[in-house]
Each structure stands twice: as C-alpha cells, then as structure tokens.
Amino acid sequence: RSKQFASIHPTTSRVDLGIKLKDVPPKGRLEAAGSWNGMVTHRVRLSSVADVDAELKAWLKQAYDAA
C-alpha cells in the first residue's frame, strides 16, 4: 500500500497495535487512539499471541483495504 494503515509499538509488557479505521466506533478492546498516535484512529493492546485472533485480523484487513 502507498498509505500506512497500521503501526506497531512495543512496550515493556505488551505490544500496542495502531489501526487506521475511519468511521468505526471504538468498542471493547478496539480503543480510540486519542493523542496516543496521530496517524491511527484506534489502538489494540496485545499481551500474547492469542490476542491476534480473527477479529483483529478482520480489523487489519478493513484498514488495509481502505488504505
């Protein structure tokens, strides 16, 4: 893609995944990014590989397709 649609930010205890999803309301683990990162609209906090599930993959595909 010519436009960025997601970003990964490691922390000491987890990985934060930023996703650019316009017009998608934050809900549950799909948090509003707020001032955390100006490029993305949402953030998902990942603490284990199990957090990378079908729901997260669908959000990433939606962001990729819109980029």
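The values are calculated or read from the model by the stated rules, or taken from the named source; none is laboratory data. Worth saying up front: this structure is predicted, and the values here are computed from it rather than measured. Ideal geometry is used to build each Cβ from the backbone, glycine not excepted, and the neighbour counts take in all protein chains shown. These accessible areas exclude ligands, DNA and RNA; they are computed on the full protein's heavy atoms, side chains included. Shrake-Rupley method; radii C 1.70, N 1.55, O 1.52, S 1.80 Å.
Scanning segment 28-59 for residues that are under 9 Å from the mean Cα position of the chain (by Cα) and closer than 16 Å to Val15 by Cβ turns up Leu30, Glu31, Ala33, Val40, His42, Arg43, Val44, Arg45, Leu56, Trp59. Within segment 1-27, the set of residues being free of Cβ contacts under 8 Å to residues at least 24 places away in the same chain and under 9 Å from the mean Cα position of the chain (by Cα) comprises just one member, Ile8.
Residues of segment 34-55 that are loosely packed, with under 12 Cβ neighbours inside 10 Å and either part of a helix (DSSP H, G or I) or in contact (Cβ under 8 Å) with a residue 24 or more places away in the chain (or both): Ser47, Val49, Ala50, Ala54. The residue that is nearest to Trp59 (Cα to Cα), among those in segment 1-33 that are among the hydroxyl-bearing types (Ser, Thr, Tyr) and open to solvent by 70 Å² or more (accessible area, probe 1.4 Å), is Ser2. Scanning segment 1-32 for residues that are outside any strand (DSSP E or B), over 13 Å from Ala67 (Cβ atoms) and of a type outside the set (Gly, Ala, Ser) yields Thr11, Thr12, Arg14, Asp23, Val24, Pro25, Pro26, Arg29.
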